[in-house]
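A short worksheet on the structure shown next.
The values are calculated or read from the model by the stated rules, or taken from the named source; none is laboratory data. Note that the structure is predicted; figures quoted are calculated from it, not measured. Positions of Cβ are generated from backbone atoms using ideal geometry, with glycine treated the same way; all protein chains shown enter the neighbour counts. Remember, those area values only see protein heavy atoms, side chains included, never the ligands or the DNA or RNA. Shrake-Rupley method; radii C 1.70, N 1.55, O 1.52, S 1.80 Å.
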Amino acid sequence: MNTRFGRAYGCVLGVLLLLLTACGAAQDVADSPGTQNTTSAVASPSTPTSATPTTASGPTPTETSPTKTSPTTTPQPPLAVRPAVGNCYGTGRKAFGNHRDGSRPVACATQHTAETIAVFGLGPTPRSAEIDRVWRVCQPRFTAYVGGSPTISTLGLTVILPSQAQARAGQGWVRCDVVQQPSYNGERGVPRSGSVKGMLAGGVPRQLRGCAVHWPKVDQAVIFTSCRRSHQAELIPESLTLGGPSARFPGVATTRSRSRSFCQSTFQDYVTETLNYYYYYPTAASWRSGSHDTTCWALDLKGAGLPPI
């Protein structure tokens with residue numbers, strides 16, 4: 001995956017350093033599972049033919065000239081035009097991996113994997129700084145379009161460029177899409193139907209709550225599963241915004257301290273069955289790309305599982 005789109009995560013579990021990798025805008029860090037009494041640590045023609053001379057008795061045969069047929073060419077369909085806000089796409093896994101998609105929009109009422117919330121007129125190969133700027137602008141666009149932060153549900157944000165064929169034809173744009181992610185910050189869409197516009201305005205519906213059956217080990221992604229079964233980790237549908245789009249990064253110490261306090265006082269409002277929690281908070285790198293929110297998770301450390309919701 002293109003590194004300018006990648007995001008890495010870290011987590012401390014007790015005294016062991018766990019590195020969790022996933023995709024997203026830049027880089028975040030997760031703090032360790034904690035309790036209300038414990039301080040956490042940081043953590044892709046037919047060929048010419050000739051008539052055969054006749055060999056039977058009779059007049060001398062005359063050979064005909066070879067008859068050539070013109071190669072048949074199948075006209076190529078025109079390229080998809082510049083995307084528009086509100087379009088839905090059946091973007092495939094490879095296209096998500098390359099961050100390039102030239103497919104045509106489909107009806108949002110049918111199965112699709114991405115819905116466009118913003119389009120920017122940039123060149124076919126924008127620089128990293130331009131991509132960061134797109135992420136910064138699209139974070140609040142997500143909230144305005146969907147009705148909630150991209151950190152509180154299985155809905156997330158990804159960036160898509162034109163296909164190579166579109167780029168060669170002179171199309172230069174970047175689109176920001178909402179996707180229902182298979183994993184936390186997976187930046188790939190799973191098939192769904194219906195528009196996501198206003199989907200989180202009244203809170204996070206059960207089908208979009210983020211849960212994981214097994215808390216991941218080293219280098220494993222947090223794979224989302226249905227919250228209707230027992231699970232070890234549960235994404236809290238509320239986040240802390242540490243600063244507006246133009247705010248300066250407050251520093252690691254302040255960010256960690258505020259994040260810990262927020263999650264410690266919030267997670268049990270949603271999950272009363274455990275005292276364990278952990279959280280992701282932005283670093284200076286992710287802050288530059290617009291990730292200004294802290295994400296809290298409730299965690300079952302003993303493996304018995306948090307109850308279905």
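Looking across segment 108-130 at every residue that is among the β-branched types (Val, Ile, Thr) and modelled with pLDDT of 90 or more, the one that is farthest from residue 178 (Cα to Cα) is identified as 110. Report the residue count in segment 279-290 for those that are open to solvent by less than 10 Å² (accessible area, probe 1.4 Å) and touching an Asp or Glu at 6+ places or on another chain (Cβ under 6 Å). Here the count works out to 5. Within segment 294-307, no residue satisfies the criterion of being open to solvent by 10 Å² or more (accessible area, probe 1.4 Å) and at pLDDT 95 or above.
Only one of the listed residues (126, 150) is more than 16 Å from residue 191 (Cα to Cα) and buried (at least 23 other Cβ atoms within 10 Å of the Cβ). That residue is 150.
Candidates 180, 164: the one that is at pLDDT 95 or above, polar (S, T, N, Q) and open to solvent by 20 Å² or more (accessible area, probe 1.4 Å) is 180. Scanning segment 191-205 for residues that are β-branched (Val, Ile, Thr) and either in contact with a Pro (Cβ under 8 Å, 6 or more places away or on another chain) or open to solvent by 60 Å² or more (accessible area, probe 1.4 Å) (or both) gives a single hit, 204.
The rows are residues; the columns are (1) among the polar types (S, T, N, Q); (2) farther than 20 Å from residue 145 by Cα; (3) touching a helix residue (DSSP H, G or I) at 6+ places or on another chain (Cβ under 9 Å).
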| residue | (1), (2), (3) |
| --- | --- |
| 216 | no, yes, no |
| 244 | no, no, yes |
| 247 | no, yes, yes |
| 258 | no, yes, no |
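Restricting 138, 176, 108 to those that are touching a Cys at 6+ places or on another chain (Cβ under 8 Å) and in a loop (DSSP other than H, G, I, E, B) reduces the list to 108.
For segment 78-101, a residue qualifies if it is crowded, with 18+ Cβ neighbours inside 10 Å and assigned to a loop (DSSP other than H, G, I, E, B), and the qualifying residues are 80, 83, 87, 91, 99, 101. Note on segment 240-250: residues that are crowded, with 17+ Cβ neighbours inside 10 Å and at pLDDT below 95 amount to 0. When residue 157 is tested against (1) outside any loop (DSSP other than H, G, I, E, B); (2) farther than 16 Å from residue 114 by Cβ, just one condition goes unmet, and that condition is (2).
Here the condition is being under 26 Å from residue 309 (Cβ atoms) and open to solvent by 50 Å² or more (accessible area, probe 1.4 Å); of 188, 133, 141, 104, it holds for 188 alone.
Hey, does segment 256-265 have a residue that's in a loop (DSSP other than H, G, I, E, B) and surrounded by fewer than 23 Cβ atoms within 10 Å (Cβ to Cβ)? Looking through segment 256-265, none of the residues is in a loop (DSSP other than H, G, I, E, B) and surrounded by fewer than 23 Cβ atoms within 10 Å (Cβ to Cβ).
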